[in-house]
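Report on the structure given below.
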Amino acid sequence: MTNLEARPTETVSRAGGPSGDVQLLEPRDVPLGGVRAMTVRRTLPSRARSLVGAFCFLDHYGPDDVAATGGMDVPPHPHTGLQTVTWLFEGEVLHQDATGAVQAVRPGQLNLMTAGHGVCHSEESLRGGGLEPDGGATAGAPSGRLHGVQLWTALPDGARAGAPAFQHVADPPLVEHDGARVRVVMGSLLGVTSPAHAATPLVAAQLDVPAGARVVLPVDPAFEHAVLVDDGDVRLQGTDVPRAWLAYVAPGRERLVLEVGDAPARLVLLGGVPFVEPVLMWWNFVGRTHEEVVRAREQWQAALAGDPEGLARFGRVPGYPGPALPAPVLPAVRLRPRERPRA
């Protein structure tokens, strides 16, 4: 998924702890373009916190009636220095990228794209609920509902200049714990490990928790963690967490205590070793310096014009029925590292 803000703000992220036991991060609404835009709720990056482990971006969307809004239709756009993590609760999304990957993702599955030095991709709600034999979307209008999360992870210096790659995990491991069903999307938790590739120590999981349950979740004390509440009344470490908010806990905890109210709850757990490298984010580029971001933008714009050097870096998405997204105009000032505000 792309950041479609016309004036994206640079975000420089560094590792650091919260001021209290649980830090609550309020979502902000961001429309994904167009008159009937699907609106997402963004909690990372925020003014209060930019990173949880290597996770540097979190959009939470739906349930969205795609017949009314058109659903997701994100034209080809570039990425550098990150992984995109697509995880659905409802619906179907077709991913196509410059590595040649054409892959639908459905609830309980993972699409993971590693941008490395550079790649471009598109994402769109499936039309008519299926794929043509050649892998393209079927004709007709999108239908059904769309509901899920889109995450980015920042790649460390040892991986961010590598070749792009794509991985589809059809059946991430599922385990039951304290009555909850826990799907381990990335990393390891509760004795099981996802086959998804991660460049830094991290974890991502979906928890479906029955009404009235109390879940004591053993976690890696070297990790910082955060819990996104998709649905239900939830308390984390004794703190009420509103729906669609993200609750952060610093490293040092060997267990997280989750308590659920009178209705079932669905949660997304994120975590990882604090990411100590500076992360400069602008639009869809993750780099380290102003010069890196400027160069990536120049090469993407060149790729749109058919320049061989730009195409060598980002490639093309041949299966998308429309033009690629041009990059926004850079701000008139230098993109400068900024310390993260702390609550």
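Taken together, the residues in the stretch 253-291 that are part of a loop (DSSP other than H, G, I, E, B), in contact with an Asp or Glu (Cβ under 6 Å, 6 or more places away or on another chain) and within 16 Å of G179 (Cβ to Cβ) amount to 1. Being over 20 Å from the mean Cα position of the chain (by Cα) and either of a type outside the set (D, E) or over 23 Å from V185 (Cα atoms) (or both) is true of L304. Among the conditions (1) of a type in the set (G, A, S); (2) modelled with pLDDT of 90 or more; (3) farther than 30 Å from A250 by Cβ, A37 misses just one, which is (2). For G232, the stated conditions hold: it is in contact with a Lys or Arg (Cβ under 8 Å, 6 or more places away or on another chain) and over 27 Å from P156 (Cα atoms).
The values are calculated or read from the model by the stated rules, or taken from the named source; none is laboratory data. A quick note: this is a predicted structure, and the numbers were derived from the prediction, not measured. Note that each Cβ is placed from the backbone with ideal geometry, even for glycine, and that neighbours are counted across all protein chains shown.
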